[in-house]
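Structure, as C-alpha cells:
The values are calculated or read from the model by the stated rules, or taken from the named source; none is laboratory data. Since the model is a prediction, treat every value here as computed from it, not as a measurement. Heads up, the Cβs are rebuilt from the backbone with ideal geometry, glycines too, and the neighbour counts pull from every protein chain shown. To get the accessible areas, we keep the full protein, side chains included, count just its heavy atoms, and leave off ligands, DNA and RNA. Shrake-Rupley method; radii C 1.70, N 1.55, O 1.52, S 1.80 Å.
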Amino acid sequence: MSIPYGNTRTRVAARHALIAPDGHVKSNVPGITGAAAVILINGAMGAKFAQLLVTFEAGGSAALPANDVETAGFFETGGATVTIGGMKKKAGAGAFFFAPAGAAWSVTAPKKGTRVTLFQKKFVPLAGTAAPQAIIGNAADVPGQPFLGDPDARLQVLLPDVPAFDLAMNIFTYQPGATLPFVETHVMEHGLLMLAGQGVYRLEDAWYPVAAGDAIWMAPFCPQWFVAMGKTPASYLYYKDVNRAAL
Ligand code: UGY
Ligand code: MN
C-alpha cells in the first residue's frame, strides 16, 4: 500500500496494535547476527509474548540458549538449517519449528533474504503433564480445516493441540469475501503476521485495511474480526496462548 510521505497506517493503542512494514526499525538481539531483527511486539507494548521478524543475510545465524523461554518459528521465505537440542533439519519456505523451554536452538546457513517470524513466551508448565517436545515441520504437510464449517476460511494448526503446549501457531487462509464468522472476544492473546493478500481487520472499535507484511497485536479480550478483500486469497500466521487455567 503506498501512502503519502509523513503518514503511516501504523497504530499503537492500549489494547491492540497494527505495525505496517514502512515503520520497521532493527534491533540488536543477543544471539542473532548477520540479520535484520525487528521486534514487532513485546512486553513494552503490553503483550505477554514477543514477536520478531528476522531477515537473514547470507552467513547470518540465530543461536539462542536454553532457558525458560519457548520459541515457535515460521519460515516465510528462503531456507536454512534448524537445530533444536539434538534435532537438526533443513527448513525451506513454509517450514516451522517449535523449540521448547530448556532447549538451545539455532538457525544456520540461511539463504540470503530468508524471512523468519519468531514467537517467544515464557513457558508455563502444567502439573502432571510432560513438557512439550521439539518439532520441525512444514505447513504444506498440514491440511487446512474449514473454520466452524466454512470451507472458504481454512485453519492450519501447526503445533499439536494438546495440554502440554501453552501456545498455538496457526495459519488462517480466506478466500476473497470470506470472514471470521463473528466478532471474537476471548481471553487468548494474539500476535499476527499477514502472509498474503489483503482485507480489513476490526480491532476493538476500529477497522483497518491490512495487507501482506502487516503485523497485529491483540490483547486478551480485544474484539476482533476479519474480512478478506481483493481478488486473491488472504492468509495470516498467528500466535495464541492456550491450555492453561483461568486462575
Ligand atoms: O484462533 C483464533 O482465535 C482465531 N479465530 N482468531 C483470529 O483469527 N483473529
Ligand atoms: Mn482470535
Exercise. Quick one: which of Ile216, Ile171, Ile135 is open to solvent by less than 40 Å² (accessible area, probe 1.4 Å), modelled with pLDDT of 95 or more and under 18 Å from Ala13 (Cα atoms)?
Worked result: Ile216
Exercise. Being in contact with a His (Cβ under 8 Å, 6 or more places away or on another chain) and not basic (Lys, Arg), is that true of even one residue in segment 51-58?
Worked result: yes
Problem set entry | Residues within segment 159-190 that are within 30 Å of Gln133 (Cα to Cα) and away from ligand 2 (no atom under 11 Å from the Cβ), tallied | 12
Exercise. Going through segment 93-144 one residue at a time, which ones are touching a helix residue (DSSP H, G or I) at 6+ places or on another chain (Cβ under 9 Å), without any contact (Cβ under 8 Å) to a residue 60 or more places away in the chain and outside any loop (DSSP other than H, G, I, E, B)?
Worked result: Ala95
Exercise. For segment 1-87, list the strands (runs of 3 or more DSSP E) that sit wholly inside it and hold at least 3 residues that are under 16 Å from Ala104 (Cα atoms); which are they?
Worked result: 50-64, 69-77, 79-84
Exercise. Is there a residue in segment 105-114 that is modelled with pLDDT of 95 or more, within 30 Å of Lys231 (Cβ to Cβ), within 19 Å of the chain's Cα centre (by Cα) and surrounded by 15 or more Cβ atoms within 10 Å (Cβ to Cβ)?
Worked result: yes
Problem set entry | Matching residues in segment 76-94 - criterion: being over 16 Å from Ser61 (Cβ atoms) and of a type in the set (A, V, I, L, M) | Met87, Ala93
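Does Val187 satisfy being at negative phi and open to solvent by 60 Å² or more (accessible area, probe 1.4 Å)? Before the answer, list the steps.
Numbers: at negative phi: yes; open to solvent by 60 Å² or more (accessible area, probe 1.4 Å): yes.
Yes, satisfied.
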For this session: Among what's in segment 9-51 and is out of contact with any strand residue (DSSP E or B) (no Cβ under 9 Å at 6 or more places or on another chain) and either hydrophobic (A, V, I, L, M, F, W, C) or within 30 Å of Ala66 (Cβ to Cβ) (or both), pick the residue that is surrounded by the fewest Cβ atoms within 10 Å (Cβ to Cβ).
Result: Ala44
Problem set entry | Scan of segment 60-104 for residues that are open to solvent by 20 Å² or more (accessible area, probe 1.4 Å) and on the phi > 0 side of the Ramachandran plot, ordered by number | Gly78, Gly85, Gly102
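Going by the structure shown, is Gln198 crowded, with 17+ Cβ neighbours inside 10 Å, polar (S, T, N, Q) and in contact with a helix residue (DSSP H, G or I) (Cβ under 9 Å, 6 or more places away or on another chain)? If you could, list the steps in order and put the result at the bottom.
Numbers: crowded, with 17+ Cβ neighbours inside 10 Å: yes; polar (S, T, N, Q): yes; in contact with a helix residue (DSSP H, G or I) (Cβ under 9 Å, 6 or more places away or on another chain): no.
Against the criterion (crowded, with 17+ Cβ neighbours inside 10 Å, polar (S, T, N, Q) and in contact with a helix residue (DSSP H, G or I) (Cβ under 9 Å, 6 or more places away or on another chain)), Gln198 does not qualify.
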